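I have placed the structure first, in the form of structure tokens, so that the comments after it can refer back to it.
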Amino acid sequence: MAGSNPTSSGYIQHHLQNLTFGYHPDNGLSFAHNAQQAADMGFWAIHVDTMLWSIICGVVFLFVFRKAAKAASSGVPSGLQNMVEMLVEFVDSSVKETFHGKSKLIAPLSLTIFCWIFLMNLLDLVPVDWIPELAKRIGTDFFGADPHHVFFRIVPTTDINATFGMSLSVFALIIYYSIRMKGLSGFIGELTLHPFSSSNKLAQLILIPVNLLLELVTLLAKPVSLALRLFGNLYAGELIFILIALLGLWQLPLHFAWATFHILIIVLQAFIFMMLTIVYLSQASEEH
Amino acid sequence: MNLNLTIIGQSIAFAVFVWFCMKYVWPPVTKALYERQKKIEDGLNAASHAEQKLEEANQQAEQTLRESRDEAAKILEQARTRSNQMIEEAREQARAEGERMVANARSEIEQEINRAKEDLRSQVSALAIAGAERVLESSVDEQSHREMLNKLAAEL
């Protein structure tokens, strides 16, 4: 438990606050000292902890895979190469089952999504106080910060910015593939001429706004649901870890139980994000 | 939980990671996988090919074995006939030889007998003449009686 926080709600709030760096109207370029200041910074602020840990995860993923890729040969694989090949084959077969077009991007994209999200989610299993406490020590000892003002959340996927960052990138790809495969007119036609269509020109004209509304909702629901599903699962998991951490000695068995269950969630959520990305992209690139 | 610049930073990081993965991770690994698949396929093909060849070789060997066994049996049979034939021939020859020898011996004996008869004949006539000469004391006209005595000897 963070000893410097007297109340449970303070402890929880402290744990759910990102380390935010940005331009504050009063303080200038600085780290936010509390949630209010972070909110005041508006859009032009950055969550340093989210960025740092997500990039660490990505670099670890790419480092490990690059190492295996360099050593990859058609001989008998061993250890690391085995694991990497297993993952690559798993992703490759998932992509081939769902996406029937030809694309050099989709399979590596799926692999990156799966491994990156998995590693970021994995940070959720690190006991909730370890790294924030370490950050607090470093912050106060080396930078002279007030311990109450050092926030540090290490799980990037519990930050909605991270999940939306990914899902919006996927959304951009969905639109790109739709336009590339069907042409701009085909894409617009898909948005306006389905699901209701009529041979009567006037009736069709009336139906266009209805179709557009329905299809836009369908389209926009994709990135939103992708981002919120991952965020919601991990945020809730994190919150439960924090609540368990408040229980004193009882936290030991409970933490173990929840962590065990959480292993399932982190893999599952990474897989779901990957599978849905493939499905959305295959929908985007197929004619109806 | 504010939406802020992080979202853009995350998107950029994501794009960079995907690009790196697409460029430097995916191709070598899939290439290695493909190559291994090909290798295994080739190996399996070679194995089944070899199996087939072995089967063929076995059949060939069996065939050869069967042929040589037949050959051997044939040769054996031939040898047996040949030996029988030879024995038969030898027996035949031996018998012919024996008969010939017997015939020779017989003719020789006959000649011997004839010669002995001839001898006897000539000696008998001389003896008879000598005997008669003694008996008669007087000389008998050898010329006139020889003819008669010769006739007598031929009758012997």
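Taking the stretch A:169-202 as the region of interest, how many residues are surrounded by 14 or more Cβ atoms within 10 Å (Cβ to Cβ), in contact with a Leu (Cβ under 9 Å, 6 or more places away or on another chain), of a type in the set (A, V, I, L, M) and modelled with pLDDT of 90 or more?
So the answer is 3.
May I ask you to verify whether A:TYR235 is assigned to a helix (DSSP H, G or I), aromatic (Phe, Trp, Tyr) and over 26 Å from A:GLN13 (Cβ atoms)?
no
Tell me which residues, restricted to the stretch A:85-117, are free of Cβ contacts under 8 Å to residues at least 24 places away in the same chain, over 12 Å from B:CYS21 (Cβ atoms) and surrounded by 16 or more Cβ atoms within 10 Å (Cβ to Cβ).
A:GLU85, A:ASP92
Kindly indicate whether any position in the stretch B:25-38 is in a helix (DSSP H, G or I), facing chain A (nearest Cβ under 8 Å), basic (Lys, Arg) and within 60 Å of the chain's Cα centre (by Cα).
yes
Going by the structure shown, is A:ILE12 touching a helix residue (DSSP H, G or I) at 6+ places or on another chain (Cβ under 9 Å) and either at the interface with chain B (Cβ under 10 Å from one of its Cβ atoms) or without any contact (Cβ under 8 Å) to a residue 60 or more places away in the chain (or both)?
no
Residues are listed down the side, and each one gets a yes or a no for (1) modelled with pLDDT of 90 or more; (2) under 25 Å from A:GLN17 (Cβ atoms):
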| position | (1), (2) |
| --- | --- |
| A:GLN204 | no, no |
| A:ILE208 | no, no |
| A:LEU213 | yes, no |
| A:VAL217 | yes, no |
| A:LYS222 | yes, no |
| A:ALA227 | yes, yes |
| A:ASN233 | yes, yes |
| A:GLY237 | yes, yes |
| A:ILE240 | yes, yes |
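Residue by residue, here is whether (1) in contact with a helix residue (DSSP H, G or I) (Cβ under 7 Å, 6 or more places away or on another chain); (2) of a type outside the set (A, V, I, L, M) holds:
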site	(1), (2)
A:GLU97	no, yes
A:ALA145	yes, no
A:THR157	yes, yes
A:ILE175	no, no
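Mind listing whichever residues of the stretch A:84-102 are more than 12 Å from chain B (Cβ to nearest Cβ) and of a type in the set (S, T, N, Q)?
A:SER94, A:THR98
Filter the stretch A:213-263 down to the residues that are touching a Ser or Thr at 6+ places or on another chain (Cβ under 6 Å) and surrounded by 16 or more Cβ atoms within 10 Å (Cβ to Cβ), then identify the one that is nearest to A:ASP129 (Cα to Cα).
It comes out as A:GLU238.
The values are calculated or read from the model by the stated rules, or taken from the named source; none is laboratory data. Just so it is clear, the model here is predicted, and its values are computed rather than measured. Glycine also receives a Cβ, built like all others from the backbone with ideal geometry; neighbour counts cover every protein chain displayed.
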